[in-house]
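This report refers to the structure that appears directly beneath it.
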Amino acid sequence: MAMHRFLMAAGLLTSAFAVPGMAVAEEAANGHGPVIEAQEWSFAPPFGGFKQGQLQRGYRVYKDICASCHSMRFLSFRNLAEVGGPHFSPAAVEMLASQVQVTDGPDAKGEMFQRPGRPSDRFPSRFANDEAARAANNGALPPDLSLMAKARAGGADYLYALLTGYQQAPAGFDLTQGMQYNTAFAGHQIAMPNPLVDGIVPYTDGTEPTVDNYAKDVSAFLMWSAEPTLEERHKVGARVMIFLFVFAFIMFLAKRAVWERLHRRDHSHTA
Amino acid sequence: MAHPSTYKPTSGFGKWIDTRLPFPRVVHDQFMVFPTPRNLNYWWTFGGILTFMLVLQMMTGIVLAMHYVPSADGAFDSVEKIMRDVNWGWLLRYAHAVGASMFFVAVFIHTFRGLYYGSYKAPREVLWILGVLILLLMIATAFMGYSLVWGQMSFWAVTVITNLFSSLDSLIPGLGTTLVEWIWGGFAVGGPTLNRLYSLHYLLPFVIAGVVILHIWALHVPGNNNPTGVDVKTERDTIPFHPYYSIKDGFAIVLFLIVFAALLFYVPNYLSHPDNYIPANPLQTPPHIVPEWYFLPFYAILRAIPSKLFGVIGMLGAIAVLFIVPWLDTSRIRSTSYRPIYKWFFWLFVITCIALGYLGAQAPDGWYLFFGRAFTIYYFAFFLLIMPIVGLIERPKKLPGSITQSVLGSQASKPPSPPPPGPDDREGLA
Amino acid sequence: MANPDTTTDPSLLPDDDPSRRDVILIAAGAFATIGGAAMLWPLLDQMNPDASTLSMASIDVDVGPVEEGQAITVMWRGKPIFIRHRTAKEIEEAKDVKLDVLIDPFARNANLPEDAPATDANRAATDLEPWLVMIGICTHLGCIPKGQAVGDYKGDYGGWFCPCHGSQYDTSGRVRVGPAPQNMYIPPYTFASDTQLKIG
């Protein structure tokens, strides 16, 4: 009797949790909203993680293509060496860092100067500030990408859909001058021109240099950049869940053992 | 307290401290031997769960405060620093954020338990009022805590909710604006607002802890209610809190932690909004401003009522009405288990709260607005019409004669015989 | 306990199977303790220096502009680093000191084993003996000794003088007059070239 009521309440509460998921699904389902299909990602399942090769290729795509407009201010070069991330060797990270010029200073004369990057430096931004970025992009501000995979509903699915969603505008669609049509972007008009073309970034590990792979790889890289501790979280989570399930079972037995005395007392009196 | 203390300190230190600050005596009397109805079900474990969660939120909050920077320029970046660089920072941040949601899951269940079993009825009215006060303090604390991230949703939620006070301008011109600018510390939400929200967010949990102590005190005067709603009649109706309910509460806490851990480690951002991963931009409003899920029912009520001022009154009234529940319900019967008519209205009320939660996340137009209004009407009707009226006209089911009788059946009405001596019987037990 | 009331406290009844219950309760207690400790650890470990602090572990310094007889101070890991380009006279004085008169006979050099003696060779840069690189913090109570600037009072040994309690250091940074107990520490560093110093 109590169990029945408990299950009913649990079911009702669970349906309450379905609220956020339902909102996104509705938008995708009605055809007038953005079209975002679920993709397969190595990091999506509960015990999943990132693929080192994919993250390294994704970084390459970011560096060669995206970094010309988009900053990633929460990442430092040293993060590229992290376990659970692209896991470049320390020597590779030093080299990648030294390839960029970073502003430092003031020097003894009181002036700022440029120097090669170090692993402890943050990724430099192409633009000094937002206003400079807007001026170079017809008034549109290319957003920082560090958290983009968590800052949009749909996460990596959305990013992939956006990067592969450039199409000819359908007949009758009123496309503003200077904008591009994109199936995934809200409102279907995006200021960013299509950044990816087959073969634009050379891949050295045998992966096909197609737009589809670029989009997959850079989306995975952006997911790592937004959530660099994902693998550790899954790993610690697995241990915690196992511990808790065993603990719950032991507590169940303990509770039953303690209450046994009460039930025995009752039965001995009412026999 | 109703029961004389039976504590007898045995150790030298025990006797010494007992005559100077009898804390062990209080622990013994109130949390070990305290006579507790023997028939409490698992809905009664949420008090212990809530205490655990309060301690957890305070501890994670205090260590997060060691790294958080409470300035408009530094806040968002400091949260990311916690997530990326601080040892275990990601765990502490997610524990605190998911913990807030779990805290509300527990408090809603705990409150619905109180409503269902009539735990608010005499002589427990003050206990109930203190509980609603704790709920109100929790709502304030959670709202302020969410703002500290200084993401888009943080900033605009603060803007919208504080702007509600400007509705007072329609009562007294200028009053609302003055009040709102006082809250903001400026002409718009900004750095000064963030700093004061941080200060109060740190303060309020300690106020909550104090009210929780009063809440437990107010409970221990009459003792716990129980699923039958029938008062404790003989000592046989009760068992000592320790070990029976200490172990049961412990078991329930571990089960609760399983749900908490599943969310934290696998879908930590499920209950939050992606827009809060965008730094606050005072010049750009998000397309849909949505509060955290535990505020959605109140948000739905706010938007269901067409006038700004009455919308605010409605939203605040939805909580205020809880304070007077002990006097709205006219039934002489405590537990809804024995109230066949009222039971339907109660479950419809639960459905109403969940529905309002769903509707609070939708755009307030079309069918969403219609049902938002329908459920808001039922919400208030449940308290202001159904509770008073149904209690008067309903014929309740027959209550059990006693708690023991409800557990053991009619056999229990026999006087208890001493336990039969066993083969190696010993007098008493150490 | 007089008159145990088994009607209200069934725990006082004689036991059916105490040992089995004890095992389960001990297991429950053990899990609770392990769980509690596991929850406590992150709360304590978060106070340790975070990853960004640890990453600021090395800096590069160009010591080319530092003339003989001059000294500069740079910040490394939040601490001042004294870099002195010693004159021949200062080096001579440092080498002449016999180890048995030293208050602290150890080199305190992070680039060498702990028991290395405080000879000038073990204090100055390897193969670049004019260069002395030291953490400029007095080993007594943490003040920053004077001696970096040209006009500073350098004490009787020509090195550094701590104004807080009067400790004096020689031209190799070794303590000669207390109350400081140890020589100023030498941080980990390397010279990538004759003028490029990398600390940490």
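Just so it is clear, none of the values below were taken in a lab; they were calculated from the coordinates. Note that the coordinates shown come from a computational prediction; the quantities given were computed from them, not determined experimentally. Note that we place each Cβ from the backbone using ideal geometry, even for glycine, and neighbour counts take in every protein chain shown.
Quick notes on this one:
- Karplus-derived 3J(HN,Hα), 6.51/-1.76/1.60, for each residue of segment A:218-223, Hz, glycine and proline x: 5, 5, 5, 4, 5, 5
- Selected from A:Ile36, A:Ile65, A:Ile250 as most flexible by GNM, with chain A as the system and alpha-carbon contacts under 10 Å: A:Ile250
- Chain B: relative contact order as a whole-number percent, Cα under 8 Å and 6+ apart: 22 percent
- Selected from B:Asn163, B:Asn224, B:Asn41 as most flexible by GNM, with chain B as the system and alpha-carbon contacts under 10 Å: B:Asn41
- With neighbour counts taken as other beta-carbon atoms within 10 Å, the residues B:Leu194, B:Leu296 rank, fewest first, as B:Leu296, B:Leu194.
- Positive-end extreme of charge dipole, the protein assembly as shown - chosen from B:Gly366, A:Met148, C:Phe106 (charges on Cβ): B:Gly366
- Paramagnetic reach from B:Tyr7 in segment B:30-71 [backbone N under 13 Å; point 7 Å along Cα→Cβ]: B:30-34
- Per-residue Cβ neighbour rank within 10 angstrom, fewest leading, A:Ser76, B:Ser147: A:Ser76, B:Ser147
- Dipole of segment B:35-407, positive end: most advanced residue of B:Gln57, B:Thr404, B:Gly99 [Cβ charges, Cα centre]: B:Thr404
- A Gaussian network model of chain B, with springs between Cα atoms under 10 Å, assigns the largest mean-square fluctuation among B:Trp344, B:Trp43, B:Trp217 to B:Trp344.
- Spin-label model, C:Glu114/A:Leu175: points 7 Å from Cα along the beta carbon direction are separated by 7.1 nm.
- Selected from A:Val35, B:Leu384, A:Met223, residue furthest toward positive end of dipole (the protein assembly as shown; charges at beta carbon): B:Leu384
- Rel. contact order, % - alpha carbon contacts under 8 angstrom, at least six apart, chain A: 23 percent
- The protein assembly as shown: C-alpha gyration tensor shape, a/c 1.5 cut-off, then a/b vs b/c: oblate
- Length-normalised contact order of segment C:1-140 in % [C-alpha pairs under 8 Å, at least 6 apart]: 17 percent
- Longest site-free stretch - chain C; sites: GluC sites (Glu not before Pro), DSSP loop, at most 14 other Cβ within 10 Å: C:115-200
- Of the chymotrypsin sites (Phe, Trp or Tyr not before Pro) in segment B:164-193, the ones in a loop by DSSP (not H, G, I, E or B) with at most 11 other beta carbons within 10 Å are B:Phe187.
- For segment B:35-407, a crude dipole built from +1 on the beta carbon of Lys and Arg and -1 on the beta carbon of Asp and Glu, taken about the Cα centre, is about 1340 debye to the nearest 20.
- Between A:Ala136 and C:Thr53, the FRET efficiency from the beta-carbon distance, with R0 = 35 Å, is close to 0.50.
- Axis angle, to the nearest 10 degrees, between helix A:230-270 and the longest C-alpha principal axis of chain A: 10 degrees.
- Exposure proxy ranking, count of Cβ atoms within 10 Å, fewest first, for C:Met184, B:Met32, A:Met179: B:Met32, A:Met179, C:Met184
- Hits among lysines - C-alpha to C-alpha of B:Lys233 under 30 Å, sequence gap 8 or more where chains match: A:Lys255, B:Lys8, B:Lys121, B:Lys248, B:Lys343, B:Lys397, B:Lys398, B:Lys414
- Derived scalar couplings between HN and Hα for segment C:178-185 equal x, x, 4, x, 10, 5, 5, 6 Hz in order, rounded to whole Hz, by the Karplus curve 6.51 cos²θ - 1.76 cosθ + 1.60 (θ = phi - 60°), x for Gly and Pro.
- Exceedance of the 27 Å cut-off in Cα-Cα distance is limited, within the set A:Lys63/A:Lys150; A:Lys235/B:Lys81; A:Lys235/C:Lys79; A:Lys150/C:Lys198; A:Lys109/C:Lys146, to A:Lys235/C:Lys79; A:Lys150/C:Lys198.
- Reachable aspartates and glutamates from A:Lys216, criterion Cα separation under 12 angstrom, eight or more residues apart if same chain: A:Glu40, A:Asp157, A:Glu208
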